[in-house]
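This report refers to the structure that appears directly beneath it.
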Amino acid sequence: MRVLLSFVGGNGHAEPMVPIAHVLRDAGHTVAFVGHPRYLPALEARGFLSFEVDGQLATGRRHLEGAPLERRPLLEPNQLDEDRVLRRHYATEVPRRRVGRYLQLYDTWAPDLVIRDEVDFAAAVLSEELDIPHAVVLVLAAGSFIRPEVVAGPLDELRAERGLAPDPDLAALQTGLVLSPFPPSFRDPTSPLPATAHSFRAPLRSSGAERGGAALRDDRAKCQMRTVDGVAETA
């Protein structure tokens, strides 16, 4: 099986998907990531195939030209600013920029399964449109950040362009298998996990070494089973 894991943003969106990618690859599946070229080298260093988006579509290792990332002071949290970024960037600009490249990749690489991070809305809409089995990996622990009043408008515009019905309650974003790497207690009670959700524990690392023992093997087996079999059950 060919599995494509797509993420929007940086390492905070990609890393929660890595344990799942390891499990799938260890089970014999072909696994690839698609994301911004700045964040692909770290994934390629672990032996994963990668495809660029937000730039020229390509395979293999490719480093983003230009200055290195700059460390800046933390900004004071502001909900209005966060909502604005989510609406304008993640729900409007990025999906429209990615649709064409995702369609090209879905056609040429032909994944059997798409696993996306929860704010990769272009992958959500296209997997629904093309009826590609899909799953979502949560990257926002509390679950109260993605709200209809913030993103339903721009997403419904994209859905209309793709011939899909409106989704004012964002129900379509959680119709497939949902994988959560967070303790359930982190979840906002007003935004409960959907019925199709499964929580998993990612391997802990200390000085570069993975957590060992039967607990890790058990988690990896469960994650594999839920990712592969769960998608078929919820598709």
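The values are calculated or read from the model by the stated rules, or taken from the named source; none is laboratory data. What you see is a predicted model, and the numbers here were worked out from it, not measured in a lab. Cβ coordinates were reconstructed from backbone atoms using ideal geometry, including for glycine residues, and neighbour counts include every protein chain displayed.
Restricting Leu113, Leu170 to those that are touching a Pro at 6+ places or on another chain (Cβ under 9 Å) and in contact (Cβ under 8 Å) with a residue 60 or more places away in the chain reduces the list to Leu113. With the condition kept exactly as written, say whether any residue in region 99-108 is over 19 Å from Asp188 (Cβ atoms), surrounded by 22 or more Cβ atoms within 10 Å (Cβ to Cβ), modelled with pLDDT of 95 or more and not aliphatic (A, V, I, L, M). So far as region 99-108 goes, yes, one or more of its residues are over 19 Å from Asp188 (Cβ atoms), surrounded by 22 or more Cβ atoms within 10 Å (Cβ to Cβ), modelled with pLDDT of 95 or more and not aliphatic (A, V, I, L, M). Among the residues of region 1-15, the one identified as in contact (Cβ under 8 Å) with a residue 60 or more places away in the chain, surrounded by fewer than 22 Cβ atoms within 10 Å (Cβ to Cβ) and part of a helix (DSSP H, G or I) is Gly12.
For region 173-191, state whether one or more residues are assigned to a helix (DSSP H, G or I), surrounded by 19 or more Cβ atoms within 10 Å (Cβ to Cβ) and either at pLDDT 95 or above or of a type in the set (Lys, Arg) (or both).
Step one: filter region 173-191 for residues assigned to a helix (DSSP H, G or I), giving 173-174, 184-186.
Applying the additional criterion that residues be surrounded by 19 or more Cβ atoms within 10 Å (Cβ to Cβ) yields 173-174.
The next check asks that each one be either at pLDDT 95 or above or of a type in the set (Lys, Arg) (or both); those that pass are none.
No, the conditions are met nowhere in region 173-191.
Just so you know, in region 1-12 the residues that are in contact with a Phe, Trp or Tyr (Cβ under 9 Å, 6 or more places away or on another chain) and at pLDDT 95 or above include one that is farthest from Ala110 (Cα to Cα), and it is Phe7.
Only one of the numbered conditions (1) closer than 15 Å to Val3 by Cα; (2) in contact with a Ser or Thr (Cβ under 8 Å, 6 or more places away or on another chain) is violated by Trp109, and that is (2).
For region 33-65, the candidate set comprises residues that are surrounded by fewer than 20 Cβ atoms within 10 Å (Cβ to Cβ) and in a strand (DSSP E or B); within that set, the residue that is modelled with the lowest pLDDT is Thr59.
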